[in-house]
Amino acid sequence: MNCLLYARVSTDKQAQRELSIPAQIEMMTQYACRNGWKIIGQFVDRGESAKTADRPELQRLIRHCQENKSVDVVLVHKMDRLARNVFDHATIKLMLKRNKIRLISVSEPLDDNPIGQFMEYIIAGAAEYYSANLASEIRKGNMAKLQKGEWPTKPPVGYKSVPGDNNRVAHVPDERMAPLVRQAFELFSTGNYSLQALSEELFHRGLTTRHERMYSKQNIKLLLTRGFYIGRIVWQGTTYAGKHEPIIGKDLFYRVQEILKNRSTDTGEKGRLEFLLRGVAYCGTCGRRLTGEIHPRGSYYRCLPDINRSRCHERYAPVKTLDDQLEMLYRQMQPPIGFLELLKAEMHEISQRRQRLAVRQLGALRHTIADIEQKELRLLDEMLAGRVLHTTYEKMATTYTTKKQQAEARLAQLDVNYADPLEFLDNCAAVAGMLASLHHRFTFDQRKNLIRAVFRRIEVEDRQIVGVELNPPFSFFFDDAGCRLFKNRPTLPTRQDCFEQIVRFTISDEYAHANDRIKTLMVTAKQHCVSIEQAT
């Protein structure tokens with residue numbers, strides 16, 4: 001009889017244990033020799049998961065079995081080397097059966113009868129459960145690490161993994177690569193390098209991929225936007241405070257982000273063309289962004305063409321008409337100084353109250369965590385002494401771990417520094433209190449920065465501004481009389497909710513750009529002799 005061998009490992013750890021490829025091949029070879037079978041081929045998948053059947057060598061094995069009628073047996077070390085879900089196992093088994101080929105596991109001898117087939121599918125089902133349960137445990141483990149500020153996978157270039165406290169892995173700056181990462185940010189922040197030029201320069205300095213190749217433009221851009229370098233961990237869209245040492249200063253990082261954003265945004269200021277609303281204005285009819293152009297009779301905004309959609313029939317909007325409406329909108333939006341004073345006072349009072357409450361709860365939570373850790377140690381001692389069954393130990397240990405993770409997560413929520421949210425709020429309130437004045441005094445470029453800080457989107461229809469979306473937290477500053485155009489003004493019943501939204505915003509990735517713009521506007525306002533103290 002002719003047989004084929006199939007082996008697979010999915011991780012380096014498996015390759016180092018008894019599941020290594022040579023070990024699997026050796027056991028299958030011995031099994032074939034004992035039965036007098038001839039080995040006519042072998043197929044090996046290295047580093048491939050068995051969650052799906054989309055593995056290159058497995059697919060080649062299947063094609064070989066379908067095209068060659070000389071195959072009688074497919075040998076595997078264990079059934080889970082072939083598949084880890086019942087559907088894939090059944091599909092592969094059916095294909096082999098149609099071609100009159102037997103599937104045999106060296107470690108799991110099963111008869112080719114109803115009982116053997118039943119046991120085979122039990123084994124396949126157990127493998128599927130193991131795979132799904134392992135994935136669930138990994139997700140829970142990753143979440144626990146993230147709550148503690150630990151990166152759960154391999155760190156980005158510039159860091160290396162070393163043994164840390166309590167046998168945990170720590171990520172520390174790499175002595176050779178961290179300086180090159182810093183140089184990447186420093187060079188790009190000068191504005192004198194394109195992504196391609198930066199990639200070439202860093203390649204000459206020694207920054208290469210693991211295959212000793214030059215970074216592509218896309219990978220260089222990804223490197224320049226990694227919040228990991230300033231101590232932030234972004235995992236599946238959520239940002240956590242990392243406990244690793246930053247290798248890039250925040251000012252440098254956000255300066256680079258601003259350069260990247262300005263280069264990727266078409267603002268329309270090319271040559272002698274200056275269009276204030278370009279890049280933020282959209283057509284209220286078709287939803288496309290507005291562009292600006294000069295005609296013999298004046299400058300106009302119009303919808304950007306789209307070859308995949310029909311032409312929009314909205315009339316061209318004169319630049320001066322919309323610019324004048326923007327100035328009027330600023331005057332309508334500008335809240336009374338007394339309202340801003342009251343809002344700021346309320347927010348400061350809420351923050352002080354939250355801090356006092358947090359101090360009391362933080363102490364209780366730390367005491368709870370310490371108590372759980374003591375219980376865990378006592379439980380381990382009891383189990384090792386034989387006074388607690390292993391099954392009971394596992395159940396109680398899981399309960400303690402869950403309670404400890406919940407307490408640590410709550411601790412992370414309460415341990416908040418309110419200085420940044422309050423400073424950001426104060427600066428935004430100062431800008432909101434003098435929108436019309438700033439717009440009147442600023443240069444064109446400064447007006448553009450003001451628009452980007454305040455507005456996320458301005459909708460135009462029939463030559464009129466018909467709707468606006470504001471960047472946080474400006475939507476909190478305007479009363480009902482001036483918010484008829486706002487599309488995203490929150491209807492919040494209390495100042496507590498306003499404060500919560502501002503705090504959440506200050507830990508988001510969007511906050512960095514907003515805060516940088518607001519600080520720039522404040523500096524510019526002072527240079528124009530606009531009295532911040534009088535406005536606030």
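Some notes on this structure:
- Relative contact order, percent, the range 158-201 [alpha-carbon distance under 8 Å, six or more residues apart]: 29 percent
- Each eigenvalue of the Cα gyration tensor of the range 158-242, multiplied by 5 and square-rooted, gives one semi-axis; in descending order these are 25, 16, 11 Å.
- Protection proxy ranking of 367-375, 385-393, by the mean of other Cβ atoms within 10 Å over each peptide's residues and highest first, is 367-375, 385-393.
- Residue ranges 463-473, 428-438 sort as 428-438, 463-473 when ordered by packing (mean number of other C-beta atoms within 10 Å per residue, highest first).
- Between TYR400 and ARG311, the contour length at 0.36 nm per residue exceeds the alpha carbon distance by 25.7 nm.
Rule-based calculations on the coordinates, nothing more; no lab input. Every value quoted in this text rests on a predicted model; they were computed, and no experiment measured them. Using ideal geometry, Cβ is built from the backbone for each residue, glycine included, and neighbour counts are taken over all protein chains shown.
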